[in-house]
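In what follows, a single structure is set out as structure tokens and then discussed.
Readers should treat all values here as calculations from the given coordinates under stated rules, not as data from a laboratory. None of the values given here were measured: they were computed from a predicted structure. Backbone-built Cβ (ideal geometry, glycine too); neighbour counts: all protein chains shown.
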């Protein structure tokens, strides 16, 4: 096995690096794990790094309002779905009417099954409204969950995908509902250990090896062409590049005649912006929290989570179409202003350092139209297989989707070789 990576490092859109100014390990984007990430847990167990992710004992989510009020969703240790339903009933973040609305949605999920879903062709907004979820509840609760899980505005995000996420995450078991956050940088969680695992099994990991094209003839992929002009022949090729890059690797005539290529052209990217702030003192004791009524949607207390600089926090803006062209200076000013609204004590703290990270192609946009375009692992080209969170995993763009696609590609290759 040979793993070829164009960049001088592995990890792609989920890696970490050292910030030279502060000495902190910074993720290029915040990622949350869940107990329902069974494939990811299996993968991390295989490479020996599962202990680097800290899972909650039970699902707990904090929400912040600009008036300084902190509310919680804390689920007790009860069988599903009662752990979520009782957690909702005890939450001070919802009115009595809103609690009844959430219970109504929860019961609707329990009454249907995976094969008999209702929201096909609907956006998340349309689906939630049909299920009697009020505008205020959607704005203060469901929208924050949707944007975190889907990286897309509820107005256009695919309801069928969101329902699947809710079903697996909230209404399967208490263990599946737990959230997990890496205690170290993402590269330490799976990148470095995965590369070591490949080498230990006799494989080769080659960074700085850009692929400029796939060698396709007579309907079969026979290898890859490197940017240096070198050709590497292979019986099977797994492409794990983003959908926005794969089209450029295929022969032009193939782009015109193969329907599966439509996904590579029509799938739209969705951006994420992360704003990292280092203050001269700790600002909050919360690990992470949803921010209601703000441009920035989620706060992560990186200093506490990863035991780094005490005053290190990260603010995340997903589905950031309207802000991706905004200057980093303006984004920083907005983040500081909003952070001060939620935590007035931050206005007295001194900002030591900041780092704004824009991931323009962070994920694909999970619209209703996009779901039909996502290709399977096997392609019409013999010997060419696809992996990536954008393939037809049945999930939005998550670590779990990426890992599932990797397992699917590996199984397909082995089956193709009669193993």
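Each label was represented as a point 7 Å from its Cα along the Cα-to-Cβ direction; for residue 183 and residue 66 these points are 3.8 nm apart.
Between residue 199 and residue 256, take the C-beta separation as r, use R0 = 51 Å, and let me know the FRET efficiency to the nearest 0.05.
Details: r = 40 Å, r/R0 = 0.78.
So, using R0 = 51 Å, E works out to roughly 0.80.
Between residue 345 and residue 231, residue separation times 0.36 nm minus the direct Cα-Cα distance comes to 35.1 nm.
D by Stokes-Einstein for region 1-81, Kirkwood Rh over Cα pairs, 10 °C, 1.306 mPa s: 95 µm²/s. A Förster radius of 25 Å, combined with the Cβ-Cβ distance separating residue 130 from residue 89, puts the computed FRET efficiency at roughly 0.60. Where in region 158-199 is the amide nitrogen less than 17 Å from a point lying 7 Å along the Cα-to-Cβ axis of residue 42? 176, by backbone N distance to the label point.
Provide the gained length on full extension for the span residue 281 to residue 82, in nm with one decimal, where the gain is 0.36 nm per separating residue minus the Cα-Cα distance.
Here the answer is 67.7 nm.
For the pair residue 21 and residue 337, label points projected 7 Å from Cα toward Cβ lie 2.1 nm apart.
More than 24 Å apart: what percent of Cα pairs in region 71-177 qualify?
Tail of the P(r) past 24 Å holds 16 percent of the pairs.
Spin-label model, residue 325/residue 415: points 7 Å from Cα along the beta carbon direction are separated by 4.5 nm. Taking a ≥ b ≥ c as the square roots of the eigenvalues of the alpha-carbon gyration tensor, region 269-364 is classed prolate because a/c is 1.5 or more and a/b outweighs b/c. Legend: ranking of residues 97, 52 from fewest to most surrounding C-beta atoms inside 10 Å; resulting order 97, 52.
Taking the helices alone, the chain has a mean residue ellipticity at 222 nm of -9000 deg cm²/dmol, built from -39,500 (n - 2.57) per DSSP H run of at least 4 residues and averaged over all its residues. The C-alpha atoms of region 149-251 occupy a region whose extents along the principal axes are 51, 36, 22 Å, arranged from largest to smallest.
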